[in-house]
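See below for the structure under consideration.
What follows draws every value from the coordinates through simple rules; no lab data is involved. Computed from a prediction, not measured in an experiment: that's the story for all the values here. For neighbour counting, all protein chains shown are included, and Cβ atoms are generated from backbone atoms with ideal geometry for every residue, glycine included.
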């Protein structure tokens with residue numbers, strides 16, 4: 001554990017809690033892509049199956065459980081409890097365009113051709129693109145509430161901090177996970193455009209982020 | 001070991 005990794009995990013947790021509390025307190029999921037949230041629940045489910053096979057540390061186990069519970073709770077709020085506020089009209093990204101290639105790639109490129117390894121690889125690849133329905137929705141409606149942009153900022157920051165963590169681990173431990181690093185770079189690139197808009201419009205302006 | 005090192009990340 002190094003400072004980048006810890007900051008990355010905290011940033012990830014903050015992002016998920018911001019989104020959950022936003023929906024919970026406002027009793028509305030307007031502007032939130034339910035599809036992205038289902039994909040993230042799928043990411044955690046397929047990655048954390050190792051909860052049943054290996055024990056790393058109490059920190060590791062607790063964080064995995066928290067991510068799983070919060071991701072399913074968020075999906076529940078969007079599709080069940082506050083489904084009246086769900087904007088299915090604008091959440092029209094075709095997730096099969098992500099799921100099919102990601103599944104195919106996980107079978108082709110993995111560390112071992114075993115169910116757990118393929119599912120782990122699937123989760124890493126899927127996470128890299130899971131935010132696309134949300135970004136698509138913002139592009140389509142042309143705006144995002146500032147609290148939604150704070151969520152996206154911390155979610156993007158998390159993987160960027162993991163990149164720093166991997167650079168650190170490479171130099172101190174000689175650790176290099178090609179699948180995670182390449183996907184992590186791709187994932188972070190997807191947020192770059194958003195980071196720019198976040199700094200120039202949300203932080204310097206106020207209220208909603210509207211696209212030109 | 002590849003798996004063990006990798007699974008310590010979230």
### Task
Give the distance, in whole Å, between the Cα centre of the range A:55-121 and the Cα centre of the range A:133-187.
15
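Can you tell me the length gained on complete extension of the stretch residue A:85 to residue A:55, counting 0.36 nm per residue apart and subtracting the Cα distance? Kindly include the intermediate steps, with their values, before the conclusion.
On the way: separation 30, 0.36 × 30 = 10.80 nm, distance 4.00 nm.
Between residue A:85 and residue A:55, full extension yields 6.8 nm more.
Can you tell me which of A:51-57, A:160-166, A:184-190 comes out highest on packing, and rank the rest after it, using the mean Cβ neighbours within 10 Å?
On the way: A:51-57: 11.7, A:160-166: 20.0, A:184-190: 16.9.
The most tightly packed comes first, giving A:160-166, A:184-190, A:51-57.
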### Message
Let's test the formula: R0 of 25 Å, r as the Cβ-Cβ distance of residue A:30 and residue A:203. What FRET efficiency results, to the nearest 0.05?
### Response
0.65
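Residue by residue through A:53-65, how many Cβ atoms from other chains fall within 10 Å of the Cβ on average? Mind dumping the intermediate values first?
Numbers: counts 2, 4, 1, 5, 1, 0, 2, 4, 0, 0, 1, 2, 0.
Partner-chain Cβ atoms within 10 Å, mean over residues of A:53-65: 2.
Per DSSP H run of at least 4 residues, take -39500 (n - 2.57); add these up for chain A, divide by its residues and hand me the 222 nm value, nearest 500 deg cm²/dmol.
Values: 8 runs with 143 residues, N = 212.
Mean residue ellipticity at 222 nm (helix-derived): -23000 deg cm²/dmol.
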### Task
Please find, in a Gaussian network model of chain A (springs between Cα atoms separated by less than 10 Å), the residue of A:176, A:93, A:125 whose mean-square fluctuation is greatest.
A:176
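Kindly provide the Kirkwood hydrodynamic radius of the range A:136-212 in Å, to one decimal, from all pairs of distinct alpha carbon atoms.
Numbers: mean 1/r = 0.0728 Å⁻¹.
With all distinct Cα pairs of the range A:136-212 included, I get 13.7 Å.
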### Message
Mean-square fluctuation check for chain A, GNM, Cα pairs under 10 Å: which of A:175, A:82, A:67 is largest?
### Response
A:175
## Note on the structure
GNM of chain A, Cα pairs under 10 angstrom: of A:133, A:115, A:101, the biggest fluctuation goes to A:115
### Task
Could you tell me how many degrees, from 0 to 90 and to the nearest 10, lie between the Cα long axis of helix A:34-47 and the main elongation axis, the longest principal axis, of the Cα atoms of chain A?
10
### Task
Find the Cα radius of gyration of chain A, compare it with 2.2 N^0.38 Å by division, and give the number to two decimals.
1.02
#### Entry: Relative contact order for the range A:142-196, counting Cα pairs under 8 Å that sit 6 or more residues apart, in percent
42
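With a cut-off of 8 Å between alpha carbons and a minimum separation of six or more residues, what is the relative contact order of chain A in percent?
31
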## Note on the structure
extent check for the range A:71-188: Cα max minus min per principal axis, descending, whole Å, gives 49, 30, 25
### Task
Can you pull the one-decimal nm distance between simple spin-label points at residue A:69 and residue A:107, each 7 Å off the Cα toward Cβ?
3.6
